[in-house]
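Only one structure is covered here, and it is reproduced in the block below.
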Amino acid sequence: MSETLKRRIRTRRAKVGILGLGYVGLPLVVEFVRAGFDVTGFDVVASKVDALNRGRSYIPDVPSSAVRSALKRKRFRATSNFDLLAGMDAVSMCVPTPLSKTRDPDMSFVESASREVAARLHRDMIVVLESTTYPGTTREVLAPRFQAKGVVVGRDVFLAFSPERIDPGCWRRGGSGSGRTSSSRSRRSAWTRGTRSTASGTRRRSSAGSPRPARRWPPSSTGAPWTA
Ligand SMILES: NC(=O)c1ccc[n+]([C@@H]2O[C@H](COP(=O)([O-])OP(=O)(O)OC[C@H]3O[C@@H](n4cnc5c(N)ncnc54)[C@H](O)[C@@H]3O)[C@@H](O)[C@H]2O)c1
């Protein structure tokens, strides 16, 4: 990562963009605001954007009071205007990857979100893919799209993979109840252990203790009933 970007992050001047304001994206918004960053949330569903800008959360793990507090402190806004991505320094992609009939992840959301980001890439920007997907997605899907814009990944812009492991409703580990894998080996095992059920909307077992019963929530990871 460049010194410029590191400094912006250390001093909390980095503007954070979260793409996809669902079960993964919205808790992440709240955590970044708590950590002292200005956060812009992007979603394609206008009713979600409106609800958030009115201070109303639709995610059980995120109290509306947390959204209202972020709005009041002018630390957060939600939008469907992807041009605002151009002003972001750090972008987390939290879009769905539902399973297709053949049990492969539907990559269309990742692809469309990465197109929006690629069109507004700038030097010293970091993009983090949070969606559950197969190992190699950043290298095979995102990096070529970014390089086609004339930037060098790893020198001009930075790309990382950080699959979320949110366990909705589980607060045992403090904060949002989420954790992250830290190596490609754990990424691979997380994928093989959990992706198939998680991407279809059935939540993973808690990694903090005894197995919890699988939950189907929401009924579809494409966001119903919010689907426009
Ligand atoms: N929620 C969990 O517990 C959990 C756990 C592990 C992994 N994941 C993974 O995280 C990813 C997101 O899951 P989720 O549960 O938050 O999904 P979700 O359906 O709750 O939220 C995704 C959001 O992305 C929005 N979206 C779709 N296309 C978009 C685009 N092009 N630009 C901006 N926003 C867009 C949708 O409108 C929706 O609000 C998936 O890959 C999922 O498998 C989720």
Taking segment 116-125, which residues are of a type outside the set (D, E, K, R) and either near the ligand (Cβ under 10 Å from one of its atoms) or surrounded by 14 or more Cβ atoms within 10 Å (Cβ to Cβ) (or both)? 117, 118, 121, 122, 125
Of (1) touching a strand residue (DSSP E or B) at 6+ places or on another chain (Cβ under 7 Å); (2) of a type outside the set (S, T, N, Q); (3) more than 10 Å from the ligand (Cβ to nearest atom), residue 43 satisfies every one except (3)
Set 5, 26: member being surrounded by 16 or more Cβ atoms within 10 Å (Cβ to Cβ), within 15 Å of the chain's Cα centre (by Cα) and of a type in the set (A, V, I, L, M): 26
Residue list for segment 92-115, restricted to those being buried (at least 17 other Cβ atoms within 10 Å of the Cβ) and in a helix (DSSP H, G or I): 109, 110, 113, 114
Counting only residues that are buried (at least 17 other Cβ atoms within 10 Å of the Cβ) and without any contact (Cβ under 8 Å) to a residue 24 or more places away in the chain, segment 126-146 contains a total of 2
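Yes/no matrix, rows are residues, columns are (1) over 18 Å from the mean Cα position of the chain (by Cα); (2) more than 13 Å from residue 21 (Cβ to Cβ):
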{"residue": "38", "(1), (2)": "no, yes"}
{"residue": "47", "(1), (2)": "yes, no"}
{"residue": "51", "(1), (2)": "yes, no"}
{"residue": "60", "(1), (2)": "no, yes"}
{"residue": "67", "(1), (2)": "no, no"}
{"residue": "76", "(1), (2)": "no, no"}
{"residue": "80", "(1), (2)": "no, no"}
{"residue": "86", "(1), (2)": "no, yes"}
Hey, does segment 49-66 have a residue that's at pLDDT below 95 and not β-branched (Val, Ile, Thr)? yes
Checked segment 1-26 for anything touching a helix residue (DSSP H, G or I) at 6+ places or on another chain (Cβ under 9 Å), of a type outside the set (Val, Ile, Thr) and modelled with pLDDT of 95 or more; matches are 13, 14, 15, 17, 19, 20, 21, 22, 26
Taking residue 83 as the residue in question, decide whether it is buried (at least 19 other Cβ atoms within 10 Å of the Cβ) and within 15 Å of the ligand (Cβ to nearest atom). no
If a residue has to be part of a loop (DSSP other than H, G, I, E, B) and in contact with an Asp or Glu (Cβ under 7 Å, 6 or more places away or on another chain) to count, how many in segment 125-163 make the cut? 3
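The values are calculated or read from the model by the stated rules, or taken from the named source; none is laboratory data. Just so we're clear, the structure is a prediction, and the values are computed from it rather than from any experiment. Heads up, the Cβs are rebuilt from the backbone with ideal geometry, glycines too, and the neighbour counts pull from every protein chain shown.
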